[in-house]
Amino acid sequence: MTEKWWHKSVVYQIYPRSFYDSNGDGIGDIQGILQHIDYIKKLGVDVIWLCPVYDSPNDDNGYDIRDYEAVMSEFGTMADLENLIRECEKRDIKIIMDLVVNHTSDEHFWFKEAKKSKDNPYHDFYIWTDSPNELKSNFGGSAWEYVEELDQYYLHFYSKKQPDLNWKNENMRKEIYKMINFWLDKGISGFRMDVIDLIGKEPEKLIKENGPKLHYYINEMHNNTYGKKDLLTVGETWGATIDNAGLFCNPERNELSMIFQFEQIQLDKEKGKHRWDIKKLDLVELKEVLSKWQYAMEDKGWNSLFWNNHDLPRIVSRWGNDREYRKECAKMFGTLLHGMKGTPYIYQGEEIGMTNFYSDNIEDYPDIETQNVYKERIEQGFNKKDIMHSIHIKARDNARTPMQWNDSENGGFTTGKPWMKVNENYKYINVDENLNDENSIFYHYQKLINLRKNNKVIQYGKYILLDENNPSVYAYKRVLDDKSIVVICNFYENPITFELDGIEKLNVVLNSYKDTNIETGKIHLRSYEAVILEN
Ligand code: TEU
Ligand code: CA
């Protein structure tokens, strides 16, 4: 495999609205990120993924873009952003930006023109029909919205304020490529591409993801923009399977560096149902899925590794025990993921063990998806308590509460009124507390990141799952030439002994506890203990 700079990288995802508010208006901003680059540097990551900072009316927190080439005024100015890129560069931190090209805001100039008449040159930049079919929006309700002036319906796979772009229109594609090059000229190092597997949609045939021309479009975009440079591109692809993954990220196909696939993340959802229809996670199934992706990508491309992002509940609360064993769980999940082959992504707050948010008041969940699906379920006759239960477990706002910097009011996020409530546990879960404790989650992540930077086995070693049917322990080996490491994680609270058959001369590289109970042929694991060994 040709080595790439991002094979050694760890990415830190910033959701600017909730990172740090520098001017007291309650909304995180670019200055706020600038003031904390040294914190990010200290963690050791070398790439930042910046969620959308473009001009937007914020129906979906910036994923509804009004002007691709302007900065959201609440976040600051273009000069601030350029400054951020430069300041990061000085510290060897690269920035990748969010690229949202499946849809725009309905307030985008193109859509305003498109609505004027059927003959307007921008009309065909979007997708219209006279007779809407049964396609549904991911945020609830029909995917079609009526426009009286035109007596036509437009397609929106997300909110009504996010009309879908028509990738069949070549002029539209050219505009998008121009915009991408505008950003590349500013010195950014790549993109995270929002719902990129939807751009080949054929709505009249009910095709959403993986449409027939999807890969033609991605390849064309590659050739006209980032393909000329050595950049990191990661596609968000809910429709990816191991069978089509290679189409996106086999380097010879000139499409993307890697994708976010969501198979493991959906293991606690009832098959075929909405992700709010929850089922218990089965560890053996989790091992099966993660391992399948590790094996598949040996020759198909490169994996991304993540537990969290701004759309997902926090992993410590989701599959761990965030009450009695929060720190142990956070370290265990980090270790389990960071030992694997691929590029790890850390979502802000994960490195300090932030947890899900809890409120019984639906008003405390501003996310449009939650608001819409809540209303829809109420209308469908669901029980309010059950809906709130799903929200506590799955709502996107679980991840979007402001970053907890210290134990002062509002976790030090803002001196004003935060745009959304801060999690009350900021008094003991915060950055300061982590930095002052040498055994903190933060320092554990720092060690994991550092290990990857300098260890070829972690970067390139072949992954081998151990003891696949063990219902309590997730253990795997990574092997490169005559070197290997073993990652062993007790996924549950009950202490357990794990047999180390055929694994000799082991040194402890990292442990989530202060010491290790190891003897010839076995290791005794405490609650959620995670260990990396090496021979
Ligand atoms: O998300 C795509 C997406 O479909 C899901 O993650 C979505 O959040 C939902 O939870 C699934 O039911 C991307 C962005 O990450 C998300 O924040 C945006 O809202 C969405 O696209 C639209 O741009
Ligand atoms: Ca602000």
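Points to keep in mind about this one:
- All other residues whose Cβ lies under 14 angstrom from that of Asn494 are scored, Lys and Arg at +1 and Asp and Glu at -1, for a net of -3.
- Principal axis dimensions, region 420-535 - Cα atoms, whole angstrom, descending: 50, 33, 27
- Only lysine pairs 8 or more places apart, or on different chains, with alpha-carbon atoms under 26 angstrom apart are counted in region 416-495, and they number 13.
- 14 Å beta-carbon shell around Asp407, net charge (K/R +1, D/E -1): -4
- For the chain, averaging the sequence separation of C-alpha pairs within contact (under 8 Å, six or more residues apart) and dividing by the residue count gives a relative contact order of 13 percent.
- Size check on region 216-365: the Cα extents along the three principal axes, sorted descending, read 49, 36, 33 Å.
- Hits among aspartates and glutamates - C-alpha to C-alpha of Lys514 under 14 Å, sequence gap 8 or more where chains match: Glu328, Asp437, Glu438, Glu529
- Within the accessible area of region 109-155 (1.4 Å probe), percent carbon and sulfur: 45
- Trypsin sites (Lys or Arg not before Pro) within region 454-508: DSSP coil, no more than 16 neighbouring Cβ in 10 Å: Lys505
- Counting only alpha carbon atoms, the long axis of helix 283-300 and the longest principal axis of the chain meet at about 70°.
- Rel. contact order, % - alpha carbon contacts under 8 angstrom, at least six apart, region 462-534: 32
- Summary value for region 364-423: 31 percent relative contact order, contacts being C-alpha pairs under 8 angstrom separated by 6+ residues.
- Segment Ser408-Asp482, extension gain: residue separation times 0.36 nm, minus the distance between their alpha carbons: 21.5 nm
- Computed over protein heavy atoms with a 1.4 Å probe, the accessible surface of region 462-534 works out to 51 Å² per residue.
- Ratio Rg/Rh [Cα only; Rh per Kirkwood] for the chain: 0.96
- 13 Å beta-carbon shell around Asp397, net charge (K/R +1, D/E -1): 0
- Percent carbon-and-sulfur accessible area, region 389-530, ignoring ligands, DNA and RNA, probe 1.4 Å: 45
- With 10 Å bins from 0: P(r) over region 109-155, alpha-carbon pairs, percent: 28, 51, 21, 0
- All-pairs Cα distance distribution in region 477-527, expressed in whole percent, bin size 10 Å: 22, 56, 20, 2
- Once the Cα atoms are used to define both axes, helix 170-184 deviates from the longest principal axis of the chain by about 50 degrees.
- For region 1-124, the spherically averaged projection of the C-alpha convex hull amounts to 9.9 nm².
The values are calculated or read from the model by the stated rules, or taken from the named source; none is laboratory data. Only a predicted model underlies this, so the values are computations on that prediction, with no experimental measurement involved. Virtual Cβ from ideal backbone geometry, glycine too; neighbours counted across all protein chains shown. Ligands, DNA and RNA are excluded from the accessible area calculation, which covers all protein heavy atoms including side chains. Shrake-Rupley method; radii C 1.70, N 1.55, O 1.52, S 1.80 Å.
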